[in-house]
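Enquirer: Below you'll find the structure I mean.
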Amino acid sequence: MADAGTAVITADSGGLRLARDRGFISALVVTAVPVTLQALMSTSRTMVDAVLVARLGTDEIAAIGYGSRVFFVVMLATMGMADGGAVIIAQFRGSGDTVRTRRAAAVNTLITAAIALAAFLACLIWAEPMVAVATQDPRVVDLGSQYVRAVAGMILPFAVISSLAAALRCVGQARVAAACALVGVIVHLTLAYGLVFGHWGLHAYGVRGAAWATLISTCVEALLLASYVYLTGNVMAFRVRDCVDGFRNGIAAKIRRVGVPVALSSTSWALGILVYSILVGRAGTVELAVLSMVNPLESFAIAVFIGVSTAAGVMVGSSLGKRDPEQTWRLSKALLLWSAGVAMVTGLILLSAYLWLPFLYSGVGRTTLDIARHTVLVLGGVFVFRAMNITIQNGLLRAGGDTVFVLRVDIFTQWVVAIPVTALMTLVWEVPFPLVFLAINTEEIARFFISGIRVLRRRWMRVLVD
């Protein structure tokens with residue numbers, strides 16, 4: 001089976017020729033497909049919760065939608081740190097240094113867990129103010145704060161999942177995390193159905209039931225993944241000594257240099273997403289409910305490109321570790337070609353949601369549903385920019401350690417371009433929500449052109465390990 005970091009590809013291949021190469025396609029699929037499946041299954045928790053809770057009413061779906069946005073910030077911060085550290089793991093793996101690969105995984109897990117612990121305490125203490133900033137509806141605030149407090153416990157096990165899954169991807173074992181995620185999804189679906197509505201002899205807990213299902217299923221997934229790593233004697237089964245050595249010999253400093261800007265970039269972007277939710281919430285509960293309905297569809301589409309970008313990061317990082325810049329550039333062009341093709345197909349699927357959205361959210365009012373249907377048309381039209389940005393930034397630029405540039409671009413396009421435009425449309429002009437959603441996505445259009453120019457100049461291809 002092809003390994004994402006060791007695929008044999010002819011040295012004279014150009015970007016288009018390489019994109020058709022069987023070795024390249026095999027390496028891409030081996031990492032991308034399991035990661036995509038894992039991301040889809042993780043995202044399905046949000047989708048399941050939204051579909052089930054939508055049957056309870058508009059207030060309930062608005063509350064769980066905004067509560068999910070709060071955890072989206074936390075999840076991106078932990079995933080950003082884990083994926084940023086994986087850049088160093090992949091380059092050590094490419095250089096053939098197994099010992100320092102394991103030490104890097106140990107340090108990466110420890111730092112990611114520390115970030116998760118701080119986020120857990122913040123959500124536990126300030127749940128109500130976090131929700132109240134987005135809406136003045138007392139019922140939505142009450143339901144949202146219940147959800148945030150109940151689901152806060154999943155942050156630490158999610159950090160374990162993120163860091164271990166990132167490490168396993170670097171050694172070509174992405175399928176393990178996907179298998180554990182499948183079990184987690186089955187547990188979540190079963191518990192959510194029972195705890196939200198009171199089936200299987202359980203009490204009906206509504207919004208809190210959805211939160212508890214998420215918490216329990218995440219803990220099960222983390223336990224399975226950790227058990228696999230340590231019971232099978234996996235190369236990533238690090239010990240306390242690996243953590244200590246990682247901090248002593250400078251690996252921790254390398255991970256902080258790459259991982260912290262990635263975590264800050266992810267957190268900054270997620271906070272911007274939270275600001276969008278706050279602005280939309282100020283516009284009205286119906287608008288917040290529409291955003292909550294569209295978000296799971298968008299998250300599903302993004303999950304596909306999490307797989308592509310992760311595979312790109314592992315392959316490019318390993319190639320850089322071998323110190324072959326020309327092959328790295330050919331590899332990057334082939335990855336971009338594949339991303340563009342998959343992005344167009346995904347955009348068409350999102351456009352088709354206009355037809356089948358009423359079947360998904362049958363319990364939602366007609367007015368809310370009509371607004372949501374027009375919004376998914378906007379989503380399908382602009383998604384190609386979002387998809388390409390994920391591959392360019394998360395896959396290519398971060399693999400070369402260009403994380404500070406990514407951070408600057410994210411801050412500029414979101415906080416200088418998109419958020420002011422969205423604020424004008426929601427607080428001043430009061431335009432229809434589909435146009436507000438288009439304003440939110442202006443950051444993706446701006447980011448695509450800025451980051452694309454950076455890739456073409458090839459200044460991002462740097463070797464970060466000795």
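Enquirer: What about A253, is it without any contact (Cβ under 8 Å) to a residue 12 or more places away in the chain, within 28 Å of the chain's Cα centre (by Cα) and either farther than 18 Å from M75 by Cα or in a helix (DSSP H, G or I) (or both)?
Expert: Spelling it out, A253 is indeed without any contact (Cβ under 8 Å) to a residue 12 or more places away in the chain, within 28 Å of the chain's Cα centre (by Cα) and either farther than 18 Å from M75 by Cα or in a helix (DSSP H, G or I) (or both).
Enquirer: Right, here's the next one. Anything in region 115-140 that is crowded, with 21+ Cβ neighbours inside 10 Å and among the aliphatic types (A, V, I, L, M)? List them, or say none.
Expert: Result: I115, A116, A119, A127, M130, V131, A134, V140.
Enquirer: I've got another one for you. Go through region 284-305 and give me each residue that's over 19 Å from G57 (Cβ atoms) and either in contact with an Asp or Glu (Cβ under 9 Å, 6 or more places away or on another chain) or among the β-branched types (V, I, T) (or both).
Expert: I302, V304
Enquirer: Just checking, how many residues over region 381-399 are in a helix (DSSP H, G or I) and under 20 Å from V314 (Cα atoms)?
Expert: Total satisfying the criteria: 11.
Enquirer: Give region 267-309 a look and list any residue that's among the small types (G, A, S) and farther than 28 Å from L348 by Cβ, or say none. Quick ask: steps written out before the conclusion?
Expert: Initial filter on region 267-309 (among the small types (G, A, S)): 268, 270, 272, 277, 281, 283-284, 289, 292, 299, 301, 303, 307, 309.
Hits for region 267-309 are S268, G281, A283, G284.
Enquirer: Here is a list: I440, I371, I419. Which entry is within 16 Å of A283 (Cβ to Cβ) and touching a Pro at 6+ places or on another chain (Cβ under 8 Å)?
Expert: The unique qualifying residue is I371.
Enquirer: In region 272-325, what residues are out of contact with any helix residue (DSSP H, G or I) (no Cβ under 6 Å at 6 or more places or on another chain), in a helix (DSSP H, G or I) and modelled with pLDDT under 80?
Expert: Of everything in region 272-325, those that are out of contact with any helix residue (DSSP H, G or I) (no Cβ under 6 Å at 6 or more places or on another chain), in a helix (DSSP H, G or I) and modelled with pLDDT under 80 turn out to be I273, I278, R282, N295, P325.
Enquirer: Looking at (1) crowded, with 24+ Cβ neighbours inside 10 Å; (2) within 30 Å of G395 (Cα to Cα), which is the only condition A210 fails?
Expert: It is condition (2) that A210 fails.
Enquirer: Same structure again: So L224 fits all but one of (1) farther than 29 Å from V436 by Cα; (2) part of a helix (DSSP H, G or I); (3) at pLDDT below 80; what number is the exception?
Expert: (3)
Enquirer: Return the residues of region 214-235 that are surrounded by fewer than 18 Cβ atoms within 10 Å (Cβ to Cβ) and among the aromatic types (F, W, Y); say none if nothing qualifies.
Expert: Within region 214-235, Y230 is the sole residue that qualifies.
Enquirer: Moving on. Being surrounded by fewer than 20 Cβ atoms within 10 Å (Cβ to Cβ) and not in a helix (DSSP H, G or I) is the filter here, so list the residues in region 442-460 that pass it.
Expert: Within region 442-460, R458, R459 qualify.
The values are calculated or read from the model by the stated rules, or taken from the named source; none is laboratory data. Note that the structure is a prediction, hence the values are computed from the model and not measured. We place every Cβ from the backbone using ideal geometry, glycine too, and count neighbours over all the protein chains shown.
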